[in-house]
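So the structure is just underneath, and the comments pick up after that.
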Amino acid sequence: MFKDKNIIVGVTGGIAAYKAADLVSRLKKEKANVEVIMTENATKFVSPLTFQTLALNPVYVDMFKEPRNYDVEHISLAEKADVFLIAPATANIIGKIANGIADDLLTTTIMATRAKVIFAPAMNTNMYLNPIVQKNIEYLKKLGYEFIDPAVGMLACQTYGPGRMAEPADIVQYLKNSFYSKDLIGMKFIVTAGPTIEPIDPVRYVTNHSSGKMGYKIAEEGQKRGAEVILISGPTNLKPPEGVQLIRVNTTLDMFNAVKEYFDRCHALIKAAAPLDYKPEVVSDVKIKKKNIENDELNIKYIRNPDIAAYFGKIKKDQIVVGFAAETNDLIENAKEKLINKNLDFIVANDVSKDGAGFKEDTNVVTIIDREGIITDYPIMDKSEVAKIIIDKVKKLIEDKS
């Protein structure tokens, strides 16, 4: 994600400086080039050698020490930055930048950069809530500086409230989002994900192996790029992507009704869910007991559920409708049949029996077939990469219609 990106991390003098070490380590694992600038106070909490070892780059502290090269360091660092992150950001550094004070290497470099500057505040709760600090934060936001809100919890000073620096994993995700092109602003997507369940009695139900991972990645990709995303999800164990509107459903009929509510206002419906095609005709209102079953055989009659993709594929106007075909045999033939019968704009087919392509995998191996009959095979890749391909194709089709 961060390959060829230069991220300058400014570390200031707070106890949360130890978290910055984890943050730098995570950024390096994402292939970023990381340069660290520390204030003198920050070195009292974590040694510069720690960051030098993690970043695999020199650490900058003293503005007036003998230069390593002929570049003016605060200028060269400022110009090479793709993004400038201050973590932890104390009340002191926020106040200095808000008032144009540049009296050390870190503040001088921040003042000189034209890159996006992001603060991850960390301080005592009362200090964070102080009206002066809040005024400085709001002022900087108006100037275009960004802030990653601190978490609420027990702080090192034993007070409880806002002020804990956001977790390194969350900061990395925020940075990932900041590099996304917002090319989908104004578009509205419905994404369905996961399995559905159909009750047999109050304690039993039927379902399938869908994990929802593919649909959640598609929803995340759309949201990051500026689309308004409605994620209609069957039962999963996944954390929903930040910023999407999540609608939880259980049965196929629930999912159908949820899509119907929003379909007229969407640009695209991406049907990544695996809803059950059939449901028990009769649902017992009490638990079915073995002693009440004749000949030890439980016979359940099933009836058809609504076919969500087919219904909306046939009533669509200008919307794009994308379907999925999870197969175990005759992949292309089965996918083509669904594409035509359900009037889809394109279909994403995968053989779930292949290594790396199963429901619960983080990777997928897909083939995309469009209305013109063009078949495109893709190698095994992370589901987030597959999501990007799908969203790119949806975007192009929407633009072609406009």
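Taking every residue in segment 235-253 that is charged (D, E, K, R) and pairing it with any residue that is crowded, with 18+ Cβ neighbours inside 10 Å, at least 6 positions away or on another chain, the pairs with Cβ-Cβ distances below 6 Å are 248/233. Taken over segment 208-229, the residue count meeting the criterion of being touching a Phe, Trp or Tyr at 6+ places or on another chain (Cβ under 6 Å), within 16 Å of residue 266 (Cβ to Cβ) and of a type in the set (Gly, Ala, Ser) is 2.
Go through (1) assigned by TED's automatic domain parsing to the domain that holds residue 261; (2) touching a Pro at 6+ places or on another chain (Cβ under 8 Å) one by one and return the number of the condition residue 214 breaks. Going through (1) assigned by TED's automatic domain parsing to the domain that holds residue 261; (2) touching a Pro at 6+ places or on another chain (Cβ under 8 Å) one by one, residue 214 breaks only (2).
When residue 165 is tested against (1) outside the structural domain of residue 241 (by TED's automatic domain parsing); (2) free of Cβ contacts under 8 Å to residues at least 12 places away in the same chain; (3) surrounded by 14 or more Cβ atoms within 10 Å (Cβ to Cβ); (4) more than 20 Å from residue 81 (Cβ to Cβ), exactly one condition is not met: (2).
Checking each residue in segment 357-396 for being of a type in the set (A, V, I, L, M) and buried (at least 18 other Cβ atoms within 10 Å of the Cβ) picks out 365, 366, 368, 369, 386, 387, 390, 391, 394. What residue, among those in segment 237-250 that are in contact with a Pro (Cβ under 8 Å, 6 or more places away or on another chain) and of a type outside the set (A, V, I, L, M), is surrounded by the most Cβ atoms within 10 Å (Cβ to Cβ)? My answer is 250. For segment 173-202, the set of residues classified as among the aliphatic types (A, V, I, L, M), part of a loop (DSSP other than H, G, I, E, B) and buried (at least 18 other Cβ atoms within 10 Å of the Cβ) consists of 184, 187, 197, listed by residue number.
Taking (1) of a type outside the set (Asp, Glu); (2) under 23 Å from residue 316 (Cα atoms); (3) surrounded by fewer than 18 Cβ atoms within 10 Å (Cβ to Cβ); (4) within 26 Å of the chain's Cα centre (by Cα) in turn, residue 253 satisfies each apart from (4). Among the residues of segment 359-372, those identified as in contact (Cβ under 8 Å) with a residue 12 or more places away in the chain and either out of contact with any helix residue (DSSP H, G or I) (no Cβ under 8 Å at 6 or more places or on another chain) or not basic (Lys, Arg) (or both) are 359, 361, 362, 363, 364, 365, 366, 367, 368, 369, 370. Looking across segment 98-111, the residues that are surrounded by fewer than 23 Cβ atoms within 10 Å (Cβ to Cβ) and hydrophobic (A, V, I, L, M, F, W, C) come down to 98, 101, 102, 105, 111. The condition (being in the same structural domain as residue 393 (by TED's automatic domain parsing), closer than 20 Å to residue 384 by Cβ, at pLDDT 95 or above and touching a helix residue (DSSP H, G or I) at 6+ places or on another chain (Cβ under 6 Å)) is satisfied by just one residue among 238, 276: 238.
If you check residue 94 against the conditions, is it hydrophobic (A, V, I, L, M, F, W, C) and modelled with pLDDT of 95 or more? Here the answer is yes, as residue 94 does meet what is asked. In segment 264-280, the residue that is nearest to the chain's Cα centre (by Cα) out of those that are of a type in the set (A, V, I, L, M, F, W, C) and part of a strand (DSSP E or B) is 270.
Of the set (1) more than 23 Å from residue 391 (Cβ to Cβ); (2) not assigned by TED's automatic domain parsing to the domain that holds residue 387, all apply to residue 183 but (1). In segment 94-172, counting only helices (runs of 4 or more DSSP H) that sit wholly within it, the ones holding 1 or more residues that are farther than 22 Å from residue 19 by Cβ span 105-112, 131-142. As a summary of the residue check, residue 76 satisfies the conditions (1) of a type in the set (Gly, Ala, Ser); (2) part of a loop (DSSP other than H, G, I, E, B); (3) surrounded by fewer than 18 Cβ atoms within 10 Å (Cβ to Cβ) except for the one numbered (2).
The values are calculated or read from the model by the stated rules, or taken from the named source; none is laboratory data. Keep in mind that this is a model prediction, so the values were computed, not measured. Cβ: placed from backbone, ideal geometry, glycine included. Neighbour counts: every protein chain shown.
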